[in-house]
Structures are given as C-alpha cells and as structure tokens.
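To keep things clear, I will list the structure first and then write my remarks on it.
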Amino acid sequence: MTKGIITKVAGPLVIAEGMRDANMFDVVRVSNQRLIGEIIEMHGDKASIQVYEETSGLGPGEVVESTGVPLSVELGPGLIGSIYDGIQRPLNEIMKVAGNNLTRGVEVPSLDHKKKWHFTPAVKTGDKVSAGDCLGTVKETNAVVHKIMVPNKISGTVKSVKEGDFTIDDTVAVLDNNGKKENITMTVKWPVRVGRPYKRKLSPDILLTTGQRTIDTLFPIAKGGVAAVPGPFGSGKTVVQHQLAKWAAADIIVYIGCGERGNEMTDVLNEFPELKDPRTGNSLMERTVLIANTSDMPVAAREASIYTGITIAEYFRDMGFTVALMADSTSRWAEALREMSGRLEEMPGEEGYPAYLGSRLAQFYERAGRVIVNGTGDTEGALSVIGAVSPPGGDISEPVSQATLRIVKVFWGLDANLAYKRHFPAINWLTSYSLYTDQLQKWFAQNASEDFMELRGRLMSLLQDEAELQEIVNLVGMDALSANDRMKLETARSIREDYLHQNAFDPVDTYTSLKKQVLMMRAILLCYDKSVEALKDGADIDLLVNISVRERIGRLKYEDEKNIDEEFDSISAILDKEIKDVIERSED
C-alpha cells in the first residue's frame, strides 16, 4: 500500500510526495481523519489529489495512503430508494453514525451488507453462461425486479445455484470458468469513470414519451437520447425534471442534484417519496435512486456525483431497463472543474473554464444510448440523459451552455418571460429544437397518427407566423392586419394557451397521451381551417373570433382520456353549426 506525505494544501487540492507506486484516479485516504480523495494528476512521485471532503485544518507532513483501486461504486440490491451523497455514501446511514452534523472521514458501506434478499435462480446446474447473463432475480421493490448478472469478463458453466434468502456478500452461484472456480455474489464493484460494456448501440428511433405536450409534439427526445434544459434561475428547470421523472416512460429514475442549493435538494428529498408513481400507485422512490450533492459540500465532490449517478444508471440499463437520468445541474460540475483547473495552475480556456471542458461533458453524455446489452440473446436497454444547465442570467452564449449544445441533440430553452407569465413548461418554441424529429417520423406514423408530423409542422409554422405578425401589431396596431392574419394570431394564441400551456398540478392535464395530443391538435387546426373558409365566404372576423366552441377547444386538455373521442366529435359538430350561423349573420 503506497503512503505519501502532504507537501501542499490548496482548498480541495492536496499535493503529496512519495506516491510513485500509485496510479491515476486511485482513491486515497488523506491524513488521520481519513478524508476521501482521488488522484487526478501524477508528476514523478508527486500526486495531485482532489479531496471530496472539507480540507480545513490539513497541513504539510500529514500522511496520504493510496487504496490502490479507482473510485468505484458498489452495485447490487438495495440501490433503489436510496439517497446517496456524491461518493455513494448513504445519507441515512451517515446520520445514524454522525448525527445531523456531518463529520469528516465518515466511512459507511454503500449497500446494506446485513439485510437478506430472496434470490430466485433463472439458470440451472450445467447451463453455460457468459458475462451479462441473468443468473437469478431479487424483488427489490414492488416496481423493480433486480437481475443478478454474471460479472464482466467471466463466463463458464453453472456448477451450483440455489434459491433462498442471502445477504449481498453470500455466494448465490458457483461457475466453472475453464477449470477456475468463480463464486458469484449479489454485489459487484465498478470504477465510475469507465463506461459499462455492451454489444452494440442502436439508432435512437423510438420516442421516450413524457406526456408533456410541448416536449412530445414539438421537441421530442428519443429513448437513449440526450437533452439539455438551459434556463435562468426560476424558469422551472427543476419542475420540468420532476415532471419527466414522474411521467417519462422509464423503468428507473436516477436523479443527481449536482451542486444545487440545499433548499432545492431538500424539496426533492421531501417531494419524491410523496409523489405517487402513476404505474404502481406507490411512492415514486420505489424506482428511483437519488444522489444529493448540495452547493455547500466541497466542489470536488460534484464531479464524483455525476460519474456515480451515470454508473448506477448504466448498471440498471444492463438489466434491460429503460433508465432516465436527470442531472441538475451540469453547470455546477463545470464550476468544480474550473476551480480544480485553477488550483492545478493549468492554462485556462474561455471564462477561466479548463480547455478540456467540452471533452469532459462529451464523455459524460456519450454514455447515454439505446443498446443491446451483454449476455446471450438480444436484450435491449436504454439510458436517456437530461441535463439542466444554469447559465448566469440565462445567457446561453457562455461556455458551459455552448459546449453542451454541441453535444446534445435536444435543446429545451427555458424562457424567464414565459415563466413569469406562469406558462409551464416555459420552453421557448422559437429557440428550442430536437434533432431526433426526422428519425422519429416513422415511429410517430405507426404509434400516434399518420399525419402527426404534418399536424406538428402546421403548429410550428403558425407559431412562427405569430412572432412575425406580433412585430407589425406592436408597431401599427391590430387594425393594420388583414382578417386572415388576425385569424392566424387567434389560432396561435389558442396553440400557446390551450395546447402548449400545461398544468403540472392538475390530475388530468399533468399527463397527456399521444392519442389525446393528436385530437387536441386536430381540434385547433380544424377550427382554423373552417374559419379561413368562412372568411372567404364573407364571414365577419369579429364574430368568428368570438364563437363559443373555441372555449370548448380550450377546455379539451382537462377532458378525461376516455371521453376524448366523444368530446372531439361533439366539438366538430358544434363548430360546423356555429360557423354556419356566423356566415348567415354576416350576410344580414
């Protein structure tokens, strides 16, 4: 075991000599307080260590001890429902050991090694298995059946496997690996900076349905896709991520609070256990892993929390689950990189961020994807990553936002003006985009409606026309517009207020199925088309704008899913009658 001596302490950076036998990214224990750190740079026998705990009081001459292993997470039953800090220490267990005042150097196991889980074998003696194959299952919660898989780089014949109640350290199966005996337990360790292997990546051509109309219709994200949610303070990044955690078509949610304010993380910790999972009716925590790393924790731990989260997410992806990872927010991680880079006296890039900021972000996001996982057969798993970005003052020209936008395929730009108008989600429809739209065309045609993309295109063009017409209205007033242009403005207002605006707290409006989205779009465009036809027949624009059926169209979003067809047919019939009345009254 390598031991070195501290020569310099600069905030979270510690320099130690005599570390010639240590390796890059090894975990070290610093001083007698046994603070956790990680080697991030080596020069001869000098190691630069980023320490994941408060370093005040440390001084030169104290001992640094290398563990000889890279920063790793413990993977196995017990992950679901847990609340961890950035280096996978369970906060509940830390509280039992240290009370409410978090002491430094606390050592607690990541998983409960005493609890017994019921293991049900999925293989029998004599079966041939390879890395990634399922040996058996553990029912972890009502929502999650945890697969115990053959560890990486191990294959062979099953010599013995038994059903029963075991701790995660007990042997549940024995494999014969070319004459070598392999004892398999229910837990495995994995280095966080190394992506877990898979057979091959698949094209992102299946929609990750979220039930949020602005996202599903205008700016969709594919399963295994990556999205960024930049926005200024108070624009609703966290609420958007809460909605996605609750409603996205994902089996497992991994939520990383990376350097967020303590009160925001407290909200998450209080709300998630209270949120009802629409799939099971139980707590959402039954399929969620929370990683809480708040802004008052040492900055270095922010980087660890990002890697810890995505490694846990990959582990569940390898079981064949669809996983959604929420990182809130990657800007705080970038700030940690900037601080460490400054203390290492590296050449700074733009605004003081390190020159490798873009490549670090890319390494994180590229671990997302829809893949065929290791093992016999073609099991599919998906990991989608949604990263919030907090640009100062909402200015997305700053380096973190720009580096993120070069990597991700979906940009949901949150707008402070929309947020102040209480428009949720405050995604700006003129600046946001999704590069998955073309690949999802076929999926939408088969699973939503053959004319889905056409309806979406018409909505987008009406919203863009509205932005241009609004400039004219601001200059010379509404009277300068033609009747057709006024109709466009009214329809765009209906799209904004009746379709894109969604009430996250309304039991019906909080989630909208694709079928209902299609009928809502049809109702708005049907009203527009019939009104334009009526204008050609001499109808009065003021009468057309005030027909009462428009209110019925506006209330369609609060209509229960099972009554939606009936309500749409009713609206179509009333629309025809009211427009006929308007034409007759206009002729008089």
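The values are calculated or read from the model by the stated rules, or taken from the named source; none is laboratory data. Only a predicted model underlies this, so the values are computations on that prediction, with no experimental measurement involved. So basically every Cβ, Gly included, is an ideal-geometry build from the backbone, and we count neighbours across all protein chains shown. For accessibility, only protein heavy atoms count, side chains too; no ligands or nucleic acids. Shrake-Rupley method; radii C 1.70, N 1.55, O 1.52, S 1.80 Å.
A compact table of results
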quantity: Matching residues in the range 415-444 - criterion: being surrounded by fewer than 14 Cβ atoms within 10 Å (Cβ to Cβ) and aliphatic (A, V, I, L, M); calculated: LEU430
quantity: Close pairs (7 angstrom Cβ cut-off, 6 or more residues apart or separate chains): more than 19 Å from THR379 (Cα to Cα) and without any contact (Cβ under 8 Å) to a residue 40 or more places away in the chain in the range 129-142, open to solvent by 20 Å² or more (accessible area, probe 1.4 Å) and β-branched (Val, Ile, Thr) anywhere; calculated: LYS139/VAL145
quantity: Hey, ALA362 in contact with an Asp or Glu (Cβ under 6 Å, 6 or more places away or on another chain) and at negative phi or not; calculated: no
quantity: Subset of the range 158-188 that is small (Gly, Ala, Ser) and in a strand (DSSP E or B) - its residue that is most open to solvent (accessible area, probe 1.4 Å); calculated: SER160
quantity: Residue match in the range 17-24 (condition: closer than 24 Å to ARG360 by Cβ and not aliphatic (A, V, I, L, M)); calculated: yes
quantity: Residue satisfying all of: in the range 45-80; free of Cβ contacts under 8 Å to residues at least 60 places away in the same chain, of a type in the set (D, E, K, R) and in a loop (DSSP other than H, G, I, E, B); farthest from ILE168 (Cα to Cα) among these; calculated: ASP45
quantity: Residue that is under 25 Å from ILE36 (Cα atoms) and surrounded by fewer than 23 Cβ atoms within 10 Å (Cβ to Cβ), where the choices are PRO273, PRO348, PRO298; calculated: PRO298
quantity: Filter result (in contact (Cβ under 8 Å) with a residue 40 or more places away in the chain, not acidic (Asp, Glu) and not in a helix (DSSP H, G or I)) within the range 535-588; calculated: GLY538, ALA539
quantity: Any hit, the range 189-209, residues being assigned to a strand (DSSP E or B), more than 21 Å from the chain's Cα centre (by Cα) and buried (at least 18 other Cβ atoms within 10 Å of the Cβ); calculated: yes
quantity: Residues (open to solvent by 10 Å² or more (accessible area, probe 1.4 Å) and under 19 Å from ILE312 (Cα atoms)) located in the range 225-241; calculated: VAL226
quantity: Flag if GLU264 is assigned to a helix (DSSP H, G or I), of a type in the set (D, E, K, R) and either open to solvent by less than 10 Å² (accessible area, probe 1.4 Å) or under 22 Å from ALA334 (Cα atoms) (or both); calculated: yes
quantity: Of residues in the range 126-156 being at positive phi and open to solvent by 40 Å² or more (accessible area, probe 1.4 Å), the one modelled with the highest pLDDT; calculated: GLY126
quantity: Some residue of the range 489-510 being in a helix (DSSP H, G or I), among the aromatic types (Phe, Trp, Tyr), within 22 Å of VAL473 (Cβ to Cβ) and under 31 Å from the mean Cα position of the chain (by Cα); calculated: yes
quantity: Single unsatisfied condition, GLU38 versus (1) farther than 22 Å from ALA336 by Cα; (2) not in a helix (DSSP H, G or I); calculated: (1)
quantity: Hey, GLU286 within 16 Å of TYR84 (Cα to Cα) and of a type in the set (Asp, Glu) or not; calculated: yes
quantity: Condition broken by ILE215, with the remaining ones in (1) open to solvent by 30 Å² or more (accessible area, probe 1.4 Å); (2) in a helix (DSSP H, G or I); (3) among the β-branched types (Val, Ile, Thr) satisfied; calculated: (1)
quantity: Residue in the range 506-514 that is hydrophobic (A, V, I, L, M, F, W, C) and over 30 Å from ALA245 (Cβ atoms) present; calculated: no
quantity: Residue within the range 68-79 that is open to solvent by 60 Å² or more (accessible area, probe 1.4 Å) and at pLDDT 90 or above present; calculated: yes
quantity: Subset of the range 291-312 [more than 14 Å from GLN363 (Cβ to Cβ), touching a helix residue (DSSP H, G or I) at 6+ places or on another chain (Cβ under 9 Å) and modelled with pLDDT of 90 or more]; calculated: ILE291, SER305
quantity: Every residue from the range 98-113 that is hydrophobic (A, V, I, L, M, F, W, C) and out of contact with any helix residue (DSSP H, G or I) (no Cβ under 6 Å at 6 or more places or on another chain); calculated: ALA98, LEU102, LEU111
quantity: Within the range 511-546, tally of residues that are surrounded by 19 or more Cβ atoms within 10 Å (Cβ to Cβ), within 14 Å of GLU490 (Cα to Cα) and β-branched (Val, Ile, Thr); calculated: 2
quantity: Single unsatisfied condition, LEU418 versus (1) aliphatic (A, V, I, L, M); (2) at pLDDT 95 or above; (3) under 24 Å from VAL240 (Cα atoms); calculated: (2)
quantity: Members of the range 81-110 found to be hydroxyl-bearing (Ser, Thr, Tyr), surrounded by 17 or more Cβ atoms within 10 Å (Cβ to Cβ) and free of Cβ contacts under 8 Å to residues at least 60 places away in the same chain, listed by number; calculated: SER110
quantity: Single residue of the range 446-482 satisfying the filter (of a type in the set (A, V, I, L, M, F, W, C) and either open to solvent by 40 Å² or more (accessible area, probe 1.4 Å) or not in a helix (DSSP H, G or I) (or both)) that is farthest from ASP537 (Cα to Cα); calculated: ALA448
quantity: In the range 367-409, the residues that are open to solvent by less than 10 Å² (accessible area, probe 1.4 Å), closer than 27 Å to ARG332 by Cα and among the β-branched types (Val, Ile, Thr); calculated: VAL385, ILE386, VAL389, VAL400, THR404, VAL408
quantity: The range 217-269, residues that are of a type in the set (Val, Ile, Thr) and modelled with pLDDT under 90; calculated: THR238, VAL239, THR266, VAL268
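Residue-wise test of (1) touching a strand residue (DSSP E or B) at 6+ places or on another chain (Cβ under 8 Å); (2) among the β-branched types (Val, Ile, Thr); (3) open to solvent by 30 Å² or more (accessible area, probe 1.4 Å).
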{"residue": "VAL28", "(1), (2), (3)": "yes, yes, no"}
{"residue": "GLY44", "(1), (2), (3)": "no, no, yes"}
{"residue": "PRO60", "(1), (2), (3)": "yes, no, yes"}
{"residue": "ASP112", "(1), (2), (3)": "no, no, yes"}
{"residue": "LYS124", "(1), (2), (3)": "yes, no, yes"}
